[in-house]
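Trainee: Let me give you the structure first, and then I'll get to my questions.
The values are calculated or read from the model by the stated rules, or taken from the named source; none is laboratory data. None of these values were measured; they are calculated from a predicted model. Neighbour counts run over all protein chains shown; Cβ positions are idealised from the backbone, glycine included. With ligands, DNA and RNA removed, areas are computed over all heavy atoms of the protein, side chains included. Shrake-Rupley method; radii C 1.70, N 1.55, O 1.52, S 1.80 Å.
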Amino acid sequence: MEGETSWVSHCPDYVVPAMVEFDSFSELNDEENREASSVPVDLILPDDLLERILAYLPIASIFRASCVCKRWYEIVSSRRFLWNFSQVLSQKPWYFMFTSSEEPVGYAYDPSLRKWYSIDLPCIQTSNWFIASSCGLVCIMDNDSRSELYVCNPITKCSKNLQEPPGLKFSDYSALAICANMKTFCYSVAIVKSKQVPGNFYQWDLSIHIYESGTMKWLTPLTEVLTGWRGGDESVICDGVLYFLIYATGGGGLESRHGLITYNLSSRSSHCSLIKTFIPVPCSLTCGRLMNLKEKLVMVGGIGKPDRPDIIKGIGIWILKGTEWQEIARMPHKYFQGFGEFDDVFASSGTDDLIYIQSYGAPALLVFDVNQKQWRWSQKCPVTKRFPLQLFTGFCFEPRLEMSP
């Protein structure tokens with residue numbers, strides 16, 4: 001397919017076990033007509049210096065480098081190279097776009113090289129599973145029983161099946177979040193479950209469940225009953241705090257349908273009242289998407305019309321400073337129109353300095369660079385819409401080689 005790049009063909013040994021051996025570059029240069037003064041630069045560089053140089057390449061370029069010669073292949077496949085790679089502060093986050101609502105198939109967009117790659121995600125079975133990512137790890141949970149839970153690295157294909165989370169077997173709403181530490185290689189998974197109290201539409205049971213990779217155990221530090229509000233499917237961990245959106249269930253003159261709740265994962269108090277941490281959203285939103293950008297909480301939201309709050313008129317981006325929201329960008333109208341028909345809800349995720357925004361109704365992908373305040377379309381995804389009701393969604397993740405569940 002035009003525009004598609006094979007991902008497998010560039011994967012080193014720890015990504016694809018079976019890979020052909022390559023002759024070293026030095027062996028291929030023993031040609032009689034080679035001038036004696038012509039010496040390949042990689043023969044001059046010692047291994048440790050070459051390792052550091054290669055570690056700063058984009059992920060896809062590292063995979064291609066492993067195909068240059070036997071020496072480079074061995075360097076890229078070594079444990080020491082992974083350590084050097086771990087010292088690189090960050091790789092620009094990729095965006096994986098699902099191209100089927102039934103199968104977990106799609107393409108990953110690399111913003112550094114502006115290319116799409118065909119990759120297979122481990123463990124996931126359908127595109128409607130819950131997905132969260134952090135520092136190269138992706139956490140996925142099934143959308144039916146919500147008892148199948150995995151943590152994986154999409155690049156290396158390493159994965160781990162977690163114990164079934166405690167609490168309600170079948171919750172009405174669940175929100176999934178993960179936070180990984182690249183120094184300790186440990187991670188935490190948080191699930192916020194919400195279920196309607198039987199016979200009472202305005203009251204909802206809400207519980208928080210935390211998994212720690214170090215102890216490999218679940219904890220349920222807090223349960224509470226919310227009145228007039230329910231949990232949803234949007235949450236994120238940022239600087240040791242779990243943030244999640246709650247949604248109005250009616251029964252009062254509420255100005256907004258959304259609100260933000262915080263829970264400190266460090267203290268893990270079981271006595272605090274969640275509703276006391278309530279932070280109102282900055283305006284009437286059709287939907288909100290939370291993300292961690294360099295340990296700062298950022299929200300992308302659909303701005304509703306004053307007289308019709310369920311109709312989207314634009315998209316804004318806010319950062320939380322203390323308990324106040326500060327708008328940092330608003331999508332220019334030409335990009336908003338570029339999506340065609342834009343639903344009141346949409347897909348959006350981000351990390352580092354990049355935010356991705358995608359309409360469910362089309363494979364168009366818009367990228368916003370928070371640092372440069374720049375909007376731009378991605379390269380066209382190598383897929384076409386086959387029927388009117390075909391839906392597209394996705395998530396972003398940081399491509400890392402050294403992170404493993």
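Trainee: State whether the residues of the range 163-176 include one that is closer than 30 Å to Arg52 by Cα and of a type in the set (A, V, I, L, M, F, W, C).
Mentor: First, pick out the residues of the range 163-176 that are closer than 30 Å to Arg52 by Cα: none.
Looking through the range 163-176, none of the residues is closer than 30 Å to Arg52 by Cα and of a type in the set (A, V, I, L, M, F, W, C).
Trainee: Here's another thing I want to ask about it. For Arg64, only one of the following conditions fails: (1) part of a loop (DSSP other than H, G, I, E, B); (2) open to solvent by 30 Å² or more (accessible area, probe 1.4 Å); (3) farther than 30 Å from Gly232 by Cα; (4) touching a residue at least 12 places away in the same chain (Cβ under 8 Å). What is its number?
Mentor: The single condition Arg64 does not satisfy is (1).
Trainee: Assigned to a strand (DSSP E or B), hydroxyl-bearing (Ser, Thr, Tyr) and crowded, with 21+ Cβ neighbours inside 10 Å - does that describe any residue in the range 166-185?
Mentor: Residues of the range 166-185 that are assigned to a strand (DSSP E or B), as a first pass: 173-180.
Narrowing further to those that are hydroxyl-bearing (Ser, Thr, Tyr): 173-174.
Subset that is crowded, with 21+ Cβ neighbours inside 10 Å: 174.
Within the range 166-185, one or more residues are assigned to a strand (DSSP E or B), hydroxyl-bearing (Ser, Thr, Tyr) and crowded, with 21+ Cβ neighbours inside 10 Å.
Trainee: What do you reckon, is Leu260 in contact (Cβ under 8 Å) with a residue 40 or more places away in the chain and farther than 22 Å from Gln358 by Cα?
Mentor: Details: in contact (Cβ under 8 Å) with a residue 40 or more places away in the chain: yes; farther than 22 Å from Gln358 by Cα: yes.
Judged against the criteria, Leu260 is a match.
Trainee: Mind checking which strands (runs of 3 or more DSSP E) fall wholly inside the range 278-324 and carry at least 2 residues that are open to solvent by 20 Å² or more (accessible area, probe 1.4 Å) and within 18 Å of Val370 (Cβ to Cβ)?
Mentor: Details: elements: 285-293, 296-304, 312-321.
The strands (runs of 3 or more DSSP E) meeting that bar are 285-293, 312-321.
Trainee: Output the residues belonging to the range 325-364 that are in contact with a Ser or Thr (Cβ under 7 Å, 6 or more places away or on another chain) and open to solvent by 50 Å² or more (accessible area, probe 1.4 Å).
Mentor: Asp343, Asp344, Val345, Tyr360
Trainee: Pick out the one residue from Pro399, Pro405 that is open to solvent by less than 40 Å² (accessible area, probe 1.4 Å) and either β-branched (Val, Ile, Thr) or closer than 22 Å to Thr99 by Cβ (or both).
Mentor: Details: Pro405 fails: either β-branched (Val, Ile, Thr) or closer than 22 Å to Thr99 by Cβ (or both).
Residue meeting the stated conditions: Pro399.
Trainee: Related question: Only residues that are assigned to a strand (DSSP E or B), within 24 Å of the chain's Cα centre (by Cα) and among the hydroxyl-bearing types (Ser, Thr, Tyr): list them for the range 207-223, please.
Mentor: Passing the criteria: Ser207, Tyr211.
Trainee: Which one of these is over 30 Å from Phe185 (Cα atoms), among the polar types (S, T, N, Q) and open to solvent by 10 Å² or more (accessible area, probe 1.4 Å): Thr249, Thr215?
Mentor: Values: Thr215 fails: over 30 Å from Phe185 (Cα atoms).
Step by step, each of Thr249, Thr215 is checked, and only Thr249 is over 30 Å from Phe185 (Cα atoms), among the polar types (S, T, N, Q) and open to solvent by 10 Å² or more (accessible area, probe 1.4 Å).
Trainee: Would you check which residues across the range 137-165 are closer than 23 Å to Asp120 by Cβ, part of a loop (DSSP other than H, G, I, E, B) and not acidic (Asp, Glu) and list them?
Mentor: Residues of the range 137-165 closer than 23 Å to Asp120 by Cβ: 137-144, 148-162.
Imposing the further condition that a residue be part of a loop (DSSP other than H, G, I, E, B) reduces the set to 142-144, 148, 153-158, 162.
Across the range 137-165, the qualifying residues are Asn143, Asn153, Pro154, Ile155, Thr156, Lys157, Cys158, Leu162.
Trainee: With respect to Glu32, is the statement that it is outside any helix (DSSP H, G or I), charged (D, E, K, R), out of contact with any Ser or Thr (no Cβ under 9 Å at 6 or more places or on another chain) and at pLDDT below 80 true? Quick ask: steps written out before the conclusion?
Mentor: Values: outside any helix (DSSP H, G or I): yes; charged (D, E, K, R): yes; out of contact with any Ser or Thr (no Cβ under 9 Å at 6 or more places or on another chain): yes; at pLDDT below 80: yes.
The answer is yes for Glu32.
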